[in-house]
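The structure that follows is given in the form of structure tokens.
Every number in this text was worked out from the coordinates using simple rules, so none of it is lab data. Given the structure is predicted, the values throughout are model-derived calculations rather than measurements. Don't worry about glycine lacking a Cβ; one is built from the backbone with ideal geometry, like all the others, and counts go over all protein chains shown.
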Amino acid sequence: MADKKEIEETEQLLMQALAMQSPEPAEEFAVHAGKEKPADEKNASKEDIIEALKTVCDPEIMINVYDMGLIYDIRQQENGDVDIDMTLTAPGCPVAGILPQQVADAAALVEGVGRVEVRVVWEPAWSLERLSDDARAMMDMF
């Protein structure tokens with residue numbers, strides 16, 4: 001069984017290989033979900049939004065996007081709209097086309113959330129240091 005250092009080195013090599021497929025980071029793009037929240041409805045808590053984001057998992061390793069550290073920022077507007085900045089593990093990520101929309105859809109399902117915009121950003125680049133302790137524990141199980 002490989003030790004933690006060997007696993008990290010293997011993951012770094014994989015990330016470098018993926019990055020070589022697309023040497024230039026993809027342009028930023030955004031996806032949308034949800035609808036205007038009724039003015040008399042209470043806004044969702046940030047914790048509720050985070051819990052919803054934790055239902056979205058990277059299909060290759062089955063760790064949620066929040067614990068993977070892919071969610072960089074969650075901004076709530078007074079009207080209930082939510083803006084989320086997220087990244088992917090690499091520009092050539094095979095789920096780049098679906099994961100951001102899944103994040104937007106999950107956040108939009110939270111009671112008290114209006115329109116949701118998820119913007120994919122590439123700076124700062126994602127790294128293994130962004131993993132939560134829970135995600136690290138899950139990766140150690142593989």
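Can you list the residues, at least 5 places off or on another chain, whose amide H is less than 5 Å from the amide H of Arg115, using H built in the peptide plane?
Lys35, Lys37, Asp81, Val82
Report the gain in length on full extension from Ser127 to Ser45: 0.36 nm times residue separation, minus Cα-Cα distance, nm rounded to one decimal.
26.7 nm
In what sequence do Thr89, Thr55 fall when counting other Cβ within 10 Å, fewest first?
Result, fewest neighbours first: Thr55, Thr89.
A follow-up question, please. Need the full-extension length gain, Asp134 to Glu111, defined as separation in residues times 0.36 nm minus the C-alpha distance. One decimal, nm.
Computed gain between Asp134 and Glu111 is 5.7 nm.
Another question, then. Karplus couplings for region 85-95 from phi (6.51 cos²θ - 1.76 cosθ + 1.60, θ = phi - 60°), rounded to Hz, Gly and Pro as x?
3J(HN,Hα) across region 85-95, in whole Hz: 9, 9, 10, 10, 5, 7, x, x, 3, x, 9.
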